[in-house]
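Read the structure below first, then the notes.
Derivation of every value follows stated rules applied to the coordinates shown; laboratory data play no part. Keep in mind that what you see is a predicted model, and the values were worked out from it rather than measured.
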């Protein structure tokens, strides 16, 4: 008896979409943290780049349109922003303590991470981080034909 290709194909697309989102998350966070540590700036504009990246990745893997695709894009963008802010603080503190960002990040508490993020992000950075999930959600919306 042949398998239903519609269900198998949709399930396979979601598995591929999840794998691509993890890869995109790792890439976006790595680039953002590296750029921030090299320039000694928070580089909040990278949140917009991450949002565009996730939006394009979900379209490229042809994730089924709908609320799930929108939620996935918004969650991935939000997670990229939080992970990047955490690792930027961890990297800056780690440099002072002689630790790499991952070791420092594992020892970093949420209160200290939040305080350093408040000190390091300017108004433009906060605006970019706030707008990025919205941008990701808009980019993955299905386009309706005019008329």
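Please report the relative contact order for the chain, taking Cα pairs under 8 Å with a sequence separation of at least 6, and give it as a percent rounded to a whole number.
33 percent
For the chain, set up a GNM with springs between Cα atoms under 10 Å and report which of 27, 12, 137 has the largest fluctuation.
Per the Cα network of the chain with a 10 Å cutoff, 12 tops the list.
Which of 72, 41, 106 moves most in a GNM of the chain, Cα contacts under 10 Å?
Its mean-square fluctuation being the largest, the pick is 106.
Extent of the chain along each principal axis, from alpha carbon coordinates, in Å, largest to smallest?
63, 41, 24
Using 0.36 nm per residue, how much length does the chain from residue 100 to residue 114 gain when fully extended, once their Cα-Cα distance is taken away?
3.1 nm
Post the alpha-carbon centroid distance, the range 36-79 to the range 107-147, in whole angstrom.
Value for the Cα centre distance between the two parts: 9 Å.
In the Gaussian network model of the chain, springs joining C-alpha atoms below 10 Å, which of 93, 119, 135 carries the largest mean-square fluctuation?
Ranking 93, 119, 135 by mean-square fluctuation puts 119 first.
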